[in-house]
Amino acid sequence: MGMVLAMLLTLALIFTSAQMGRVQSASADIQNVADAAALAAENQVASFYIVANICDAVVLSMSLTGICVAALGVACMCVPLAAGLSVELEGAAAKIFQARNGFAQKAAKGLNQLQKMLPFIACAQAYSVASANSGKEGSYLGCAVLLPFQGAEISIPEAEGTEEAMADIEEQGDGIRESAEKAEDAAQDALEYKKAAFMADCGNDPNYCMYQRAESLAGLSGSRNPVYKSVDSWSFSVALKRAQAYYSKRLENEAPADDSVGEQARSAIRRNFYEFAVEEIGRGFVIEDSDSFEAYFPTLPKNTDQMRSTRLYTDCIYPVSRNQAGRLVMHAWSGCPTAQEQEDAGMGSVCQMESSDYQTCPSCGFTASSVGSVASASSSISNGFEYHYLQVVQAAGQYQEAMGKLGPHKREVEEKAGGLLERLKGLADQVAGSRIEVDPPGKFGAVAIVACVDGVSTGSLFPPGFVQGTGSLGARAAISGATLAEDDSSETETVITDLLSGFSRSMGGSGSTPIVMRLWSSLLMAYTDGHDALVGGVQDALDRLPLVGKSGLGAWASRKLEDLIAGVGLEPAQLHSYKPVMVNTSRVMEADSSGFSQAMLSVKAAYARVPASGSPLSAAVGGLGSFATDQAVAAEERLLIASIELLGIDAESMPFSIALPPAVKDTSAEAIGAVFSRLQGLTDSISTTKEWR
């Protein structure tokens, strides 16, 4: 008998324990459903952040594009070849700023509309998840509450300072373009003169030129007689140094060709001439930079008249003798036979010889024309070195005059255009630090409330052989909380990049439009890549502009713009990927100060006993149903946030819309209202003997 009783008692305990486990398992299923509903609701908030980031990226990129396009237009003003394009770019920049402000206004309206819908969308998702989990365990009703209930109003201000900047660009544009054209004309003239000097110096090689004549006549070679193949690498200082080296070498090499008196006399005169030339040409100089040119190319006398204005005429460097008749005779050099035969009378000058009664030497035949004719032939015919040197001298004077005209015009362009670029850089700094800030419903988290409204017979849970099966599980309820956590994945960045790349690829056009669209495509990526994408986009656009000219203003403007853009402190947006995670509901509700949160916290603080005034759910949920259903969404698949019209209302428009969850389309406001009402009515059937967790 004892063994039988023990066996019966053991079986009763086993079956009772199994029944209790099955009952608890059935009751716990609702918590899993509540968890899924909370995650589904908070996931809608994560999606809202992505939409807000996309709007932020578009606004930022359009602001930067407008500024950069305006800056490119200013750069084009500096080059006559691109003057027409500068007008196009100015107009495009103005349209972009207008489009940016229009998009910002529409985006703010669309984001506000979307965040007002969030409570309903989240609730519809929670309702759909709860309903989808209904089965043999019972029918589930669920809803979710976003905390806070309402988001802060979103406003996107217009781009400040852009209208004033564009007005100044338009006002100063004609003056900059006019000065740039004058600078270009002066630079073109200067280049022609420089080319002429280059050809005379070494550009005509192997034909006659200073280089070829110096090599042939003086044997000058190597670094003292360089040859250049391009005028771009050549400078006037090359010709001056070549001339200085040439006369030094001629002086060094000078010697009579034979022993005749005439040749020795001519050699002595040439030596005096080369000594004079070395000293005179040595006084020359060239001071040159990109903005100015100053040079002095001394000239040598090429005839007797010109010789009379030099020290060759006044220096006492020629020997004088007195003949038997007492008359003075001047000689080419001291070795003249007549000078050695006659009485030495000292040294004299050509000037003295012409102003006094001198007799011509019968041996060397020295006269004023003997000195004046030394460089006459080589200055007058192309096989002479001086002939080509004089061409360089003439071109240098013309080049200096042209550069004198270029400088003021160039400085005026740099001053005005530089000021405009600096101003646009300030706007870029301002834009780079501005972002769209959002505080949507659910930023603290979501609380889901799920109830199983069907009773479950305990007999159906486990065979009732040893356990009485006449009882049943009544309606059950559970709450769950979810919030957003940052994820290190690049999901958000990938979504934004794909969407924005699609925008940029959908645009085409002609004229300045391809440049603008390519730039915008790069600057869209600046939202995720930051400074590198900004600099790269501007450099790419500059490479596509015809910023070429003789004045160098195009290169200056390009460098100036690159330097300014490099100084813009644009950091990539913090694109954390948000994902909903489970969290204790207290964590969510403690961050919120609404009446719902305070009521739910008080319920959690105490046991879930039904107070005399009614259900704790009734106290906490009351009024939320009407709030959620007020923002019910019409049965549509997509919600238009805004349209992008980058180049104005006449250009191609790109709509930015988001797909609404299918549950939103399939759930009516009446269904959500019925859920809240049903939850408020679950008073008598909810178990009140367990603590809420």
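Using 0.36 nm per residue, how much length does the chain from ASP439 to ALA6 gain when fully extended, once their Cα-Cα distance is taken away?
Extra length available between ASP439 and ALA6 comes to 149.3 nm.
Per Stokes-Einstein, at 25 °C and 0.890 mPa s, what whole-number D in µm² s⁻¹ belongs to region 93-166, with the Kirkwood radius over Cα pairs as the hydrodynamic radius?
158 µm²/s
Can you tell me the order of 231-244, 254-267 when each peptide is scored by its average per-residue count of other Cβ atoms within 10 angstrom, highest first?
My ranking of the peptides, most packed first, is 231-244, 254-267.
Could you please state how large a percent of the accessible area of region 159-231 is carbon and sulfur, counting protein chains only and using a 1.4 Å probe?
Solvent-exposed carbon and sulfur of region 159-231 make up 42 percent of the total.
Based on the Cα coordinates of region 187-259, what is the per residue volume of their convex hull in Å³? Write down the numbers at each step before the final one.
Numbers: hull volume 6.5 nm³, N = 73.
Output value, Cα hull per residue: 89 Å³.
Using the eigenvalues of the Cα gyration tensor, what equivalent ellipsoid semi-axes result for region 321-369 when each is taken as the square root of five times the eigenvalue, whole Å, largest first?
Details: eigenvalues 44, 29, 18 Å².
Taking √(5λ) for each eigenvalue gives 15, 12, 9 Å, largest first.
Can you pull the one-decimal nm distance between simple spin-label points at ASP174 and VAL227, each 7 Å off the Cα toward Cβ?
Each label point lies 7 Å from its Cα, and together they span 5.3 nm.
Using every alpha carbon pair in region 292-408, what percent of pairs falls into each 5 Å bin from 0 up to the bin containing the largest distance?
Using 5 Å bins, I get a P(r) of 2, 11, 17, 16, 12, 11, 9, 7, 5, 4, 3, 2, 1, 0 for region 292-408.
Say the cut-off is 30 Å between C-alpha atoms; which of LYS302/LYS550; LYS241/LYS560; LYS95/LYS579; LYS182/LYS302; LYS95/LYS560; LYS116/LYS425 go over it?
LYS302/LYS550; LYS241/LYS560; LYS95/LYS579; LYS182/LYS302; LYS116/LYS425
Report the full-extension gain for the segment LYS405 to SER155: residue separation times 0.36 nm, less the Cα-Cα distance, to one decimal in nm. Can you show the working numbers first?
Numbers: separation 250, 0.36 × 250 = 90.00 nm, distance 5.30 nm.
Extra length available between LYS405 and SER155 comes to 84.7 nm.
What's the extension gain from SER260 to ALA345 if we count 0.36 nm per residue and subtract their Cα-Cα distance?
Gain in length upon complete extension: 28.2 nm.
Whenever you get a sec, line up LYS410, LYS416, LYS425 from highest to lowest accessible area (probe 1.4 Å, protein heavy atoms).
From most exposed to least exposed: LYS416, LYS425, LYS410.
Quick one: pull the percent of accessible area on region 102-150 belonging to carbon and sulfur, 1.4 Å probe, ligands and nucleic acids left out.
C and S atoms contribute 48 percent here.
What does the accessible area per residue of region 176-311 come to in Å², with a 1.4 Å probe and no ligands, DNA or RNA counted?
Roughly 48 Å² per residue, with all protein chains present.
Contact order normalised by length for region 27-171, with contacts defined as Cα pairs under 8 Å and 6 or more residues apart; what percent is it?
33 percent
With +1 assigned to the C-beta of every Lys and Arg and -1 to the C-beta of every Asp and Glu, and no other charges, what is the dipole magnitude of region 180-303 about the Cα centre in debye, to the nearest 20?
Charge dipole of region 180-303: 480 debye, to the nearest 20.
The values are calculated or read from the model by the stated rules, or taken from the named source; none is laboratory data. Computed from a predicted structure; not experimentally measured. Here Cβ is always computed from backbone atoms with ideal geometry, including for glycine, and neighbour counts include all displayed protein chains. To get the accessible areas, we keep the full protein, side chains included, count just its heavy atoms, and leave off ligands, DNA and RNA. Shrake-Rupley method; radii C 1.70, N 1.55, O 1.52, S 1.80 Å.
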